[in-house]
1. Under the rule of at least 5 residues apart or a separate chain, name every residue whose amide H is placed under 5 Å from the amide H of TYR62.
2. If you line up the long axis of helix 11-21 against the longest principal axis of the chain, both from Cα atoms, how many degrees apart are they, to the nearest 10?
3. Reachable aspartates and glutamates from LYS38, Cα under 13 Å, same-chain residues fewer than 8 places away excluded?
4. Mind ranking 99-107, 67-75 by how tightly packed they are, going by the mean number of other C-beta atoms within 10 angstrom, highest first?
5. Restricting to DSSP H runs of at least four residues, report the calculated mean residue ellipticity at 222 nm for the chain, -39500 (n - 2.57) per run over all residues, nearest 500 deg cm²/dmol.
6. What value in Å³ per residue do you get for the convex hull of the alpha-carbon atoms in the chain?
7. Any idea what the relative contact order of the chain is, in percent, if you count C-alpha pairs under 8 Å spaced at least 6 apart?
8. Exposure proxy check: ARG39, ARG64 ranked by fewest other beta carbons within 10 Å?
Amino acid sequence: MDRLKLMALDAEDLAVISAQAQDAVTRPDAIDYRSREKRFTLVINRFAWDAAGKKSRDGNSYERRQAVLSFARVLKVRTSGVRQGDSDQVLSLLAVRFAETDAPAGTIELVFADGPLIHLDVECVEAQLEDLGGAWETRFKPRHPVN
């Protein structure tokens, strides 16, 4: 079993994590911020883009994997469109971006489909994406309409 484990210490590294976490789905009740520890975590079901090119027996199946996306050195969390504690809202992650404000500090932005956003004010980029276990099959490959 090939479990993904990535760490990001700058914006370039974070772009790699963003690519691997793109189209992950989660719910607001899977989000945790521990202000004393300065740690923000998000349990996601990520679409396994790293395995999407591999052919299955029927040629139509893909994989999802449960993973944890975590950020250290988080000073403040701001959300928009995220119904905190709501177990029915599905959030589909589109991108993870970093905007530097006062080097190495800045804001990490988690962008979700249909508008929800999470902003993390951080001392510096320190992120990790780690698969928790095995994969399960899905027939659906995420698609994004071209505007």
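Every number in this text was worked out from the coordinates using simple rules, so none of it is lab data. Keep in mind that what you see is a predicted model, and the values were worked out from it rather than measured. Counting neighbours? That spans all protein chains shown, and the Cβs are built from the backbone with ideal geometry, glycine included.
1. For TYR62, the qualifying residues are THR138, ARG139, PHE140.
2. Tilt of helix 11-21: around 40 degrees.
3. ASP121, GLU123, GLU126
4. Order by mean packing, descending: 67-75, 99-107.
5. That comes out to -2500 deg cm²/dmol.
6. In the chain, the Cα convex hull volume per residue is 123 Å³.
7. RCO, the chain: 32 percent.
8. Details: ARG39 15, ARG64 19.
Placing the least packed residue first, the sequence is ARG39, ARG64.
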